[in-house]
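Take a look at the structure set out below.
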Amino acid sequence: MNWINNVVRPKIRSFLTTKREVPENLWVKCPETGQMVFYKDLEANQFVVPGSNYHMKMSARARLTSLFDGGTFETVPVPAVAQDPLRFRDGRRYTDRLKDARTKTSLEDAVLIGEGTLDGRQVVAAAQDFEFMGGSLGMAAGEAVIAGMLRAVQLKTPFILFAASGGARMQEGILSLMQMPRTTIAVQRLREAKLPYIVVMTDPTTGGVTASYAMLGDVHIAEPGALICFAGPRVIQQTIREQLPDGFQRAEYLLEHGMIDMVVHRHKMRETLSRLVGLLMHGAPVQAGKGRHGNGKVNGSLVDGKLIESTALELEPVTENERFKAQEGDAAQSAPPRDQPRT
């Protein structure tokens, strides 16, 4: 009887009462409209909500996969750094937080570096993962950004950065802040080598990352609705005790005030980056084609096409010798008649 009560009956009861476990991320709720989206559909749409066009956060690996040809790239090795140099502990040990973040993201730290081809052109790209402790800038993340830039200098290729960070990592204190001047020096290496440095700022790009390498690019691109700032709007509003304008520190607001160069929909990001790389590297630009997705809206609202697709014009690069030389026909047309005074 003990065998029946202790073994057989519990097994029968488990077969009859056990419920199937549903994955937690099977459905995703849009933060803007509350729309429920099937995760597989959201993933296939590059994590852009189909109804509202809201841009969800993307992992670093997904970013690089969507950028490189065929979704394949080689990971650039990063030098090892001290794990917990300050032996920091608040509610939990810093080392325990690192273990949890690595298990959650399958990354060593917040920045992933990859090298591959973009429409046949060799590029080096870095992507910050906000899921790894808020994409915070620590010693390992700073070392990764520097390693990626130096790799681009070595290969003589453009460097593309996808920024997504809450700022410096408080668990590393002054060692985290020291990554700001270190990465700035690495940016200078790119400039000395005359290599393009393109920054794509995603939601959010804040704190010490914005105050250093995220705002030192040759071209600054932002995703629609991305929060880009040093101190957040809530802190500023409490400091100045004034009501801030709508959309303050969002990508569209910063574009209107000249802080960034363009706002580009995620579905058109790859072709925009490919065209910029071709122009900045003095190569033939990639033929502009239709975007894989998208309907010309930014988070549900129509946006001026000149702001979002400012690079959609067919531009033809010229050589250094021809840059300031007008064609004979153009010169004849532009020159005023002799009997008319010049204006």
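The values are calculated or read from the model by the stated rules, or taken from the named source; none is laboratory data. Only a predicted model underlies this, so the values are computations on that prediction, with no experimental measurement involved. Heads up, the Cβs are rebuilt from the backbone with ideal geometry, glycines too, and the neighbour counts pull from every protein chain shown. Accessible surface areas use protein heavy atoms only, side chains included; no ligands, DNA or RNA. Shrake-Rupley method; radii C 1.70, N 1.55, O 1.52, S 1.80 Å.
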Could you look through the stretch 63-83, keep only residues that are touching a helix residue (DSSP H, G or I) at 6+ places or on another chain (Cβ under 8 Å), surrounded by 13 or more Cβ atoms within 10 Å (Cβ to Cβ) and in contact (Cβ under 8 Å) with a residue 40 or more places away in the chain, and pick out the one that is nearest to residue 151 (Cα to Cα)?
-> 76
Tally of residues being assigned to a loop (DSSP other than H, G, I, E, B) and closer than 18 Å to residue 96 by Cα across the stretch 155-175 = 1
Got a number for residues in the stretch 180-198 being open to solvent by 10 Å² or more (accessible area, probe 1.4 Å), touching a helix residue (DSSP H, G or I) at 6+ places or on another chain (Cβ under 7 Å) and among the polar types (S, T, N, Q)?
-> 1
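Rundown of residues vs (1) modelled with pLDDT of 90 or more; (2) in a loop (DSSP other than H, G, I, E, B); (3) at positive phi; (4) within 15 Å of the chain's Cα centre (by Cα), yes/no style:
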{"position": "217", "(1), (2), (3), (4)": "yes, yes, no, yes"}
{"position": "231", "(1), (2), (3), (4)": "yes, yes, no, no"}
{"position": "236", "(1), (2), (3), (4)": "yes, no, no, no"}
{"position": "239", "(1), (2), (3), (4)": "yes, no, no, no"}
{"position": "253", "(1), (2), (3), (4)": "yes, no, no, no"}
{"position": "258", "(1), (2), (3), (4)": "yes, yes, yes, no"}
{"position": "272", "(1), (2), (3), (4)": "yes, no, no, yes"}
{"position": "277", "(1), (2), (3), (4)": "yes, no, no, no"}
{"position": "285", "(1), (2), (3), (4)": "no, yes, no, no"}
Of the listed residues (226, 126, 222, 140), the one being within 15 Å of the chain's Cα centre (by Cα) and over 21 Å from residue 265 (Cβ atoms) is 126
Taking the condition assigned to a loop (DSSP other than H, G, I, E, B), among the aliphatic types (A, V, I, L, M) and open to solvent by less than 60 Å² (accessible area, probe 1.4 Å), does residue 152 pass?
-> no
Checklist (1) part of a loop (DSSP other than H, G, I, E, B); (2) closer than 26 Å to residue 25 by Cα applied to residue 91, failing item = (2)
Is there a residue being over 20 Å from the mean Cα position of the chain (by Cα), part of a loop (DSSP other than H, G, I, E, B) and among the polar types (S, T, N, Q) anywhere in the stretch 28-43?
-> yes
Output yes when any residue across the stretch 191-200 is assigned to a helix (DSSP H, G or I) and not charged (D, E, K, R), and no when none is.
-> no
Which pairs do you get when a residue that is closer than 27 Å to residue 270 by Cβ and among the acidic types (Asp, Glu), found in the stretch 91-119, comes within reach of a residue that is open to solvent by 50 Å² or more (accessible area, probe 1.4 Å) and part of a strand (DSSP E or B), reach meaning Cβ atoms under 6 angstrom, with the pair 6+ apart or on two chains?
-> 115/74
Evaluation of residue 70 against (1) within 12 Å of the chain's Cα centre (by Cα); (2) not in a loop (DSSP other than H, G, I, E, B) (one fails), failing number | (1)
Would you check which residues across the stretch 44-57 are β-branched (Val, Ile, Thr) and in a loop (DSSP other than H, G, I, E, B) and list them?
-> 49
Across the stretch 120-134, the tally of residues that are without any contact (Cβ under 8 Å) to a residue 40 or more places away in the chain and at positive phi stands at 2
Per-region count, the stretch 226-259, residues open to solvent by 80 Å² or more (accessible area, probe 1.4 Å) and under 12 Å from residue 206 (Cα atoms) | 2
Residue within the stretch 100-109 that is touching a helix residue (DSSP H, G or I) at 6+ places or on another chain (Cβ under 7 Å), open to solvent by less than 10 Å² (accessible area, probe 1.4 Å) and in a loop (DSSP other than H, G, I, E, B) present | no
Give 126, 168, 140 a once-over and let me know the one that is open to solvent by less than 20 Å² (accessible area, probe 1.4 Å) and aliphatic (A, V, I, L, M).
-> 126
